[in-house]
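Undergrad: Have a look at the structure that comes next, please.
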Amino acid sequence: MAAIRQRHTFIVHDSFRDTPETLSLTPESLEMKTVPGARQDRYIVSKQLVKEKEILDSLESVRIEIGSSENYAHLSPFDRTIQWGTHITVVPVEGFDWNQFCKFVNSAISPSIPCIGQDSFISLPFGYYLYSTSTDLAPLISYLETTYPALDLKKDDEASTAAIADPSDLLTASSISISFSKAEDTVRKYKGRLVTEIYWQFGTWSKTITPGLDEENHKVEVGFLGKIKDDPEGDVAFGGILAVIGENSQFVPTLFDFAPRHRGVQGTAVYSPYFRTPYGLHPKHVVSIYGDLNVPRTMSHNYVQDEETGEFEDTMESATCGLYGYYILPSFIFVDKYQIADLADAQAGGVKRVVGIWGETDLEIPVWMVDKWGSTMLLELIPPSGEDLEAFTQQVDIEIPMHSRYEVPDWNTTAVVHDMPWPLIFWACDGSDENSMTMGPFDNNGLGLEKYFDPGTSFHYLTPNMTISSPDAHTELITELSIPVVPLESYKYVQPWTVVVILVGCFWIIYKAICGYVRDGGIRKKVEGVAPASQEEVEKKKQEPKSE
């Protein structure tokens, strides 16, 4: 495999036509004009060419993802959803230098990411995770331009160069993913290589793509594809044209099908989260899911080998699917894990099972004493009951009690506003053929939701709906939460009056104690003229018959 494999994939609109006016392919370049569709660039780079080789050697795997807050369309086969913000998941080996890794994160990704060592990451069952709301791509672009103006490729003892990315396009990207893994259970052809994936939502593209400067070590591929079949039982088929720039003088037709690991739900199922008002310090987070909430697929492939012929037969079996919600909770808000467990035990609030809660869950500490960035939560949800319900009448409300932390007092305000990313709502279906998914050219598997489930699980994402929680029709998948705080300017009144109230309260308590002591304790006076009764008189009084 070439040291650098660069692939540009365009999922074109139905209006696209392969004409000389739209595509011009020559041995020197491909010129494209006003091509409508979604776009993904993938760069697969050998570890030996990466400047951060020492960091990769000390890692089992790493994935860095940056997702836009915009409610952009995910076109198949790029259905994997990345929540708003920067996500860094690491599986280190013994002796991993966390400080060096954080220096790389702050220099290459963003200096605003609070990465100061291992203490910045929360522990997950499969590694360590850091989240930040930062989505500024300018530091990454600057890093690529200064660190990777070119990659050194050796050929005939002469150095040639090839750009690893097109920085001019990065600012408009909807999501960026950078991953590396040594694990055997990843896609074999990418093992030990740095994979960068950049996705742009639907647009119109006009650009010129040139071949790699090293014919043997740098391959540049371009594909224009359209979906021609979408089987709800799992398989999708794409057809279109491909070319290796610098090698092909004409496009090569292609047709292939595969079972995607990640895909959108077929139908009208949408969801929308919001916080119930008034917010207070204990807000309730609600996710309203409605539309066609039927199980997305009921069958899966199962390959059985015939004992006589040795051939494999594809039989279909029922797949088991569950509805899940994945939450990212920044440091200003948290959940009580025991309270959520009680919901699951009572099958209340739409919660069926708590898969896990990881990160900061301390109930007492204020926001300025939280060491880590926050916490994550994965819940299995209760789908609507009753198979006779029409698709448009199905609705589920997931109500999760949350708690905001005490905020730092601020000037001229009684509330501080924080942003929380929308949760992911998806179906997870088991029973798929893992091998058929890894053979797909667009398979995306590694550090993420996949690790919480068994191999062979497919994920079907519900579509975010903006109509409920965004009456102003903005398109950001962010939920705002207003948390009450004490205005600092009131401290000049609060402090002295607090002292006065405390002193008055102390004097009042002392006064009441003295009064009670005088009245009931220690200074009891005998009633004049009345002697206290002796013990004999008391006993005699008890024996006297009571009058009728």
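Undergrad: Within segment 112-136, how many residues are surrounded by fewer than 19 Cβ atoms within 10 Å (Cβ to Cβ) and out of contact with any Ser or Thr (no Cβ under 9 Å at 6 or more places or on another chain)?
TA: So the count comes out to 6.
Undergrad: Whether any residue in segment 34-57 is open to solvent by 30 Å² or more (accessible area, probe 1.4 Å), in contact with a strand residue (DSSP E or B) (Cβ under 6 Å, 6 or more places away or on another chain) and not hydroxyl-bearing (S, T, Y) is what I want to check.
TA: Looking for residues that are open to solvent by 30 Å² or more (accessible area, probe 1.4 Å), in contact with a strand residue (DSSP E or B) (Cβ under 6 Å, 6 or more places away or on another chain) and not hydroxyl-bearing (S, T, Y), one finds none in segment 34-57, hence no.
Undergrad: Now, a different point. Of all residues in segment 50-72, count the ones that are out of contact with any helix residue (DSSP H, G or I) (no Cβ under 9 Å at 6 or more places or on another chain) and within 21 Å of P92 (Cα to Cα).
TA: 4
Undergrad: Among the residues in segment 70-83, are any more than 28 Å from N465 (Cα to Cα) and surrounded by fewer than 18 Cβ atoms within 10 Å (Cβ to Cβ)?
TA: Within segment 70-83, none of the residues are more than 28 Å from N465 (Cα to Cα) and surrounded by fewer than 18 Cβ atoms within 10 Å (Cβ to Cβ).
Undergrad: When both residues are 6+ apart or on different chains and their Cβ atoms are under 7 Å apart, which pairs have a first residue that lies in segment 115-128 and is more than 11 Å from Q100 (Cα to Cα), and a second that is open to solvent by 20 Å² or more (accessible area, probe 1.4 Å) and acidic (D, E)?
TA: D119/D371
Undergrad: I need every pair where a residue in segment 161-184 that is surrounded by fewer than 17 Cβ atoms within 10 Å (Cβ to Cβ) has its Cβ under 6 Å from the Cβ of a residue that is at pLDDT 85 or above, sequence separation at least 6 or different chains.
TA: What qualifies is L171/L137; K182/E60; A183/S61.
Undergrad: Test R5 against the criterion of being open to solvent by 10 Å² or more (accessible area, probe 1.4 Å) and more than 30 Å from N99 (Cα to Cα), and give yes or no.
TA: The answer is yes for R5.
Undergrad: So, one more: Could you please find all residues in segment 246-264 being assigned to a loop (DSSP other than H, G, I, E, B) and buried (at least 22 other Cβ atoms within 10 Å of the Cβ)?
TA: The answer is A259, P260, R261.
The values are calculated or read from the model by the stated rules, or taken from the named source; none is laboratory data. Since the model is a prediction, treat every value here as computed from it, not as a measurement. Cβ: placed from backbone, ideal geometry, glycine included. Neighbour counts: every protein chain shown. Note: areas computed on protein heavy atoms with side chains; ligands, DNA, RNA excluded. Shrake-Rupley method; radii C 1.70, N 1.55, O 1.52, S 1.80 Å.
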